[in-house]
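**Student:** My structure is below; once you've seen it, I'll send some questions.
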Amino acid sequence: MSAELKRIRTFAVAWLLMLPALLLLGPGEASAQQKHKYFFKPPPGSTKFTQTHLMDVGDVPAHQVRIAQVQSKYGDDAPAFDGVKVREIRSVLVSDYVAGTGNAFVHVVRTLENGDKMYSRADIMARTTIGADGARSTSFTSVERLNGGTGKFKGIRGTLWTTGFSDMKAGTSGTQTEGEYWFEQ
């Protein structure tokens, strides 16, 4: 028997042995908790880059590492979690792009109207294209994991998916975020 067939057989046997245990355990604790839907599309101009530091890598043209701070402030049009509005979001972003295309990760701190904070981390994939007119357009997709907070939001967990665009030169971005969250007991 070839090494590849042995590996496939071992994998299949392992799954067959684990399946009864997984069925006996049933759904996890998180599935028993009430999940809340989330959707938000920020108004234009609510988000800006407040600090940006760029470093050229030097291996290929236009390869840059960026460290940036992004700030979003909201009024009455603020997003809300469990009925509590978000007043400010501060994010620290680290990106590794070649000509505006690549990946990044972001640490996010949301400050809510009651003073509580929420913490999360997002992974971003970005793609920059150049149009027929020579204009650069960057689009991105991110997956954000809510991983706790303070006060009422200590046990918040969830996943948010964001799609959007960013203009680093102008310092603006536009997004649409949706997902779900719940509270661990």
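The values are calculated or read from the model by the stated rules, or taken from the named source; none is laboratory data. Just so we're clear, the structure is a prediction, and the values are computed from it rather than from any experiment. Positions of Cβ are backbone-derived with ideal geometry, glycine not excepted, and every protein chain shown enters the neighbour counts.
**Student:** Quick check on this structure: which one of Met118, Met55 is assigned to a strand (DSSP E or B), over 20 Å from Thr175 (Cβ atoms), at pLDDT 95 or above and of a type in the set (A, V, I, L, M)?
**Tutor:** None of the other options fit; the residue is Met55.
**Student:** Okay, moving on. Take the residues in the range 58-78 that are of a type in the set (Val, Ile, Thr) and not in a loop (DSSP other than H, G, I, E, B); name whichever of them is surrounded by the most Cβ atoms within 10 Å (Cβ to Cβ).
**Tutor:** Val70
**Student:** Would a scan of the range 87-98 turn up a residue that is over 16 Å from Tyr181 (Cβ atoms), of a type in the set (Val, Ile, Thr) and more than 19 Å from the chain's Cα centre (by Cα)?
**Tutor:** Looking through the range 87-98, at least one residue is over 16 Å from Tyr181 (Cβ atoms), of a type in the set (Val, Ile, Thr) and more than 19 Å from the chain's Cα centre (by Cα).
**Student:** Being aromatic (Phe, Trp, Tyr) and farther than 18 Å from Trp161 by Cβ is the filter here, so list the residues in the range 90-118 that pass it.
**Tutor:** Of everything in the range 90-118, just one residue is aromatic (Phe, Trp, Tyr) and farther than 18 Å from Trp161 by Cβ, namely Tyr97.
**Student:** Can I ask one more? Working only within the range 129-151, note down all residues that are among the hydrophobic types (A, V, I, L, M, F, W, C) and either in contact with a Gly (Cβ under 7 Å, 6 or more places away or on another chain) or outside any strand (DSSP E or B) (or both).
**Tutor:** Listed by number, the residues that qualify are Ala132, Ala135, Phe140, Leu146.
Residue by residue, here is whether (1) closer than 20 Å to Ile89 by Cα; (2) among the β-branched types (Val, Ile, Thr) holds:
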| site | (1), (2) |
| --- | --- |
| Arg110 | yes, no |
| Tyr119 | yes, no |
| Gly131 | no, no |
| Thr141 | yes, yes |
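**Student:** If you check Arg127, Arg157, Arg145, which single one turns out to be over 21 Å from Phe40 (Cα atoms), surrounded by 13 or more Cβ atoms within 10 Å (Cβ to Cβ) and in contact with a strand residue (DSSP E or B) (Cβ under 8 Å, 6 or more places away or on another chain)?
**Tutor:** When all the criteria are applied, what remains is Arg127.
**Student:** Does any residue in the range 113-132 that is of a type in the set (A, V, I, L, M, F, W, C) come within less than 8 Å, Cβ to Cβ, of a residue that is at pLDDT below 95 and not in a strand (DSSP E or B) six or more places away or on a different chain, and which pairs are these?
**Tutor:** Partner pairs satisfying both residue conditions: Ala126/Gly100.
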